[in-house]
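Each value in this text was obtained by applying a stated rule to the coordinates, not by laboratory testing. Predicted model, so just to flag it, every value in this text is computed and none were measured. Glycine also receives a Cβ, built like all others from the backbone with ideal geometry; neighbour counts cover every protein chain displayed.
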Amino acid sequence: MNVAAKIIPPTTATDAPAPSRRSGEQLLKVENVVMRFGGVTAIKGVSFDVRKGEIRAIIGPNGAGKTSMLNVINGFYHPQEGTVTFKGEQRTAMRPHVAASQGIARTFQNVALFKGMTTLDNIMTGRTLKMKRGLLAQGLRFGPAIREEIEHREVVERIIDFLQIAPIRKSLVGKLPYGLQKRVELGRALATEPELLLLDEPMAGMNLEEKQDMSRFILTVNETFNTTIALIEHDISVVMDISDRVVVLDYGLKIADGTPDEVQKDQKVIDAYLGVAH
């Protein structure tokens with residue numbers, strides 16, 4: 001995703017793009033991943049893939065292993081068994097900063113921002129891996145370092161406009177409502193120009209209007225920039241509306257995998273998670 005060239009204001013809620021059906025070749029493949037914590041097995045031999053250009057949802061009840069799976073994908077956890085293949089490169093372990101440099105960005109279930117910094121400065125931290133000048137040059141602020149900072153700040157300002165948070169660009173994020181903090185965190189992730197964007201419960205703690213806005217931003221990022229997205233979300237109506245494919249986990253096991261329509265009709269999913277009568 002070329003943020004500098006392509007960030008544009010999102011469409012209105014009434015004309016938001018439909019979920020992408022342009023998914024193509026395999027971008028990420030998870031094979032037989034097992035993740036243990038002491039005597040507890042959080043993920044039990046799970047396999048699935050994520051295709052370029054799609055929105056891939058991971059759902060299931062609390063304790064199903066969803067967040068653990070995202071942590072495995074971007075290197076926070078190293079599985080005892082299994083592999084993760086990203087852009088054709090198979091690995092058993094990866095560090096988060098390496099994952100970020102290779103094009104994987106992440107937001108968190110509990111907002112992980114620098115609460116004493118402004119919205120602008122938080123999103124600027126997402127540009128760190130894109131900066132070529134060393135810390136000394138940046139600290140002394142001379143010539144090329146200043147020009148580089150200006151270029152990256154222009155990108156960040158475009159992201160701020162895209163997410164419609166210009167009025168809070170100079171506000172300390174620790175004083176912002178939770179829904180706006182979630183939007184700032186999305187902006188920081190977008191600043192890394194990811195190929196794969198991992199979203200951990202992006203709608204958590206939001207009211208209906210905030211959920212509609214966040215859904216619109218996710219769809220626009222996917223449709224306009226062809227950014228591949230894998231997300232965890234408990235709001236089933238959101239999942240069914242914006243996802244191309246859904247994988248369902250329950251107690252660390254994969255119990256279903258398919259289109260939203262297929263998954264919501266699967267009896268194992270109904271029994272374990274959706275709670276709809278037979």
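Would you please give the residues with an amide H less than 5 Å from that of His234, counting only those at least 5 places away or on a separate chain, with H modeled from the backbone geometry?
none
Can you give the FRET efficiency to the nearest 0.05 for Thr92 and Thr118, using r as the Cβ-Cβ distance and R₀ = 41 Å?
0.55
Just to be sure I understand the model, the point goes 7 Å from the Cα along the line to the Cβ. What's the resulting Gln26 to Lys175 distance in nm?
Distance between the two pseudo-spin positions: 5.1 nm.
What residues qualify as long-range amide H neighbours of Met117, i.e. H under 5 Å apart, gap of 5 or more or another chain, H built at 1.01 Å from N?
Excluding prolines and chain starts, which carry no amide H, the hits are Val173, Gly174.
Under a point spin-label approximation (7 Å from Cα along Cα-to-Cβ), what is the Gln109-Tyr251 distance to one decimal in nm?
Each label point lies 7 Å from its Cα, and together they span 1.9 nm.
Straight-line reach only, C-alpha to C-alpha below 12 angstrom: list the aspartates and glutamates that Lys29 could link to, leaving out same-chain residues fewer than 8 apart.
Partners within reach: Asp49, Glu89.
Multiplying the sequence separation of Asp261 and Ser237 by 0.36 nm and subtracting their Cα-Cα distance, what value in nm do you get?
Full extension of this stretch gives 7.5 nm more.
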